[in-house]
1. Checking the a/c ratio against 1.5 first, then a/b against b/c, what shape does the Cα gyration tensor give for region 12-147?
2. How many Å² of accessible area per residue for the chain, probe 1.4 Å?
3. Carbon-plus-sulfur fraction of the accessible area of the chain, 1.4 Å probe, in percent?
4. Which shape class applies to region 275-328: rounded if a/c is under 1.5, otherwise prolate when a/b exceeds b/c and oblate if not, where a ≥ b ≥ c are the square roots of the Cα gyration tensor eigenvalues?
5. Can you pull the percent of Cα pairs in the chain with separation above 32 Å?
6. Give the lysines whose C-alpha is closer than 20 Å to that of Lys9, dropping any in the same chain fewer than 8 places away, or say none.
7. At 18 angstrom or more along the helix axis (alpha-carbon based) and mean Kyte-Doolittle of 1.0 or higher, what helices does the chain contain? Whole DSSP H runs only.
8. Heads up, I need the accessible area for Ser416: 1.4 angstrom probe, whole protein in place, Å², nearest 10.
Amino acid sequence: MTIEKFKSKRTMIFIMALIATFCAGFGYSWSILQSAIMADHPDWAASAIAITYTLQVACSCLGPIPLSPVITRLSVKQNILVGGVIYGLGLVGASFATNLPMLYVCYGVVSGLGVAFIYPQMMSYSVKVLADKGSLASGFMAAAYGSGAVVWAPVADSMISGNSLSFTLKVLGVVFLVAIVAMSFFLADVPEGYVEKLKSESVPAASESAADDKSKRVVEDKTRGEMIKTATCWIMMACFSLALTSGMLAISQAKGIVANTAGGSIAEKAALAVSVITLFNTLGRLFWGAVSSKIGIYNVNIVICICAAVCMGALAVIPSGVAIVVFLALTAACFGGLATLLTPMTADFFGYKNLTVNFGFMYIAFAVAALIGPRLATSLVSINGDVYSYSKAYIIGAVISVIAAVLAVVLKGIYSKGNKQA
């Protein structure tokens, strides 16, 4: 496809990519599924069940690394088609799970690998398709992924209540498989030279100084092997791994935390609270994506880390009430904001040419956060009779977010010096 033809169809292509990503975002409804699994299998420990979600996130984040030879050979259309099939089959397989190992394999590993073909590809694809609006494109795509749970969480909760967990996973698995595969046929690879053309056209003619600054900044395209040899890569990995932890804690354990600590009518409406919290995850992606286009992604990164630390600190001292939902929601908004920054920052430091593979590697940060966040809540919860407390987990989350803020300042300094990796 020529550059001009692709450009004329880019809005339609972007929308279809959004829909595919929206379907893949069902994973954020995990707290609804975890509660249903615990109800069906009271003999399974909560911490053991939580490993399922950790496995899914880990496979979706780490999968692009061993799968990179396959991903780079396939077109974007083929990647999404394959991912949709694997993802849907994983959910259907999980509906038959009668033991934890089977649940781990089907929901954790298989559906996670399906997402590995979809989300990282779509994030890097979005900032290429709308290269002249990179941070906004990343924000919308990340919002589509996060907003999946806003819709799917109440849908899944209603289906489980009216039928069963097994029925719900079967139906949604088939729906997602068909929808994602259908969307894949509308996608096309980005033509060579398209990104450079859009970026050159996006420099305002009236702003000569901006054009000069942009022209002076030359980003060397690095392969994954070259990228991982730089200090910037590992500082960025550490920053995002730590910054995402508090959000992963809040989102993955939202229903249990609200049900166990909010009290009164709020606890009774924990499923609704989960929808609110996941909605803020989505709104955070849109909000911070828009803000970053105004004040810069590096400034936003610092602000988000500080906000997450404040939210975790507030949760540590709040005994009960609606404030718990409020600060969990704000934490989820911070998590959503971070999800919008990783792709454009990876492109800023390591170029667009190998962005899909490089972002796939940087996506490991989500796996690290998924390993730490949920287990902080399930392992450090204090139970005294009917009284639950997650204060220890919140305090650790706050400290981790402060460390992430320091690393965010370091990243801004590296960028300001002209992207000269050590």
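The values are calculated or read from the model by the stated rules, or taken from the named source; none is laboratory data. From a predicted model like this one, the values you see are computed outputs, not experimental measurements. Remember, those area values only see protein heavy atoms, side chains included, never the ligands or the DNA or RNA. Shrake-Rupley method; radii C 1.70, N 1.55, O 1.52, S 1.80 Å.
1. Judged from the Cα gyration tensor, region 12-147 comes out prolate (a/c at least 1.5, a/b above b/c).
2. 39
3. 67
4. Working: a/c = 4.39, a/b = 1.67, b/c = 2.63.
Oblate, because a/c is 1.5 or more while a/b does not exceed b/c.
5. Numbers: 28730 of 88831 pairs.
Pairs farther apart than 32 Å: 32 percent.
6. Lys77, Lys128, Lys133, Lys197, Lys199
7. Values: long enough: 3-24 (30 Å, 0.91); 46-62 (24 Å, 1.48); 76-94 (27 Å, 1.31); 111-129 (26 Å, 0.76); 134-162 (42 Å, 0.92); 165-184 (28 Å, 2.26); 231-252 (31 Å, 1.64); 270-295 (36 Å, 1.24); 297-317 (31 Å, 2.21); 322-350 (43 Å, 1.86); 364-380 (24 Å, 1.67); 391-416 (38 Å, 1.79).
In the chain, the long hydrophobic H runs are 46-62, 76-94, 165-184, 231-252, 270-295, 297-317, 322-350, 364-380, 391-416.
8. 90
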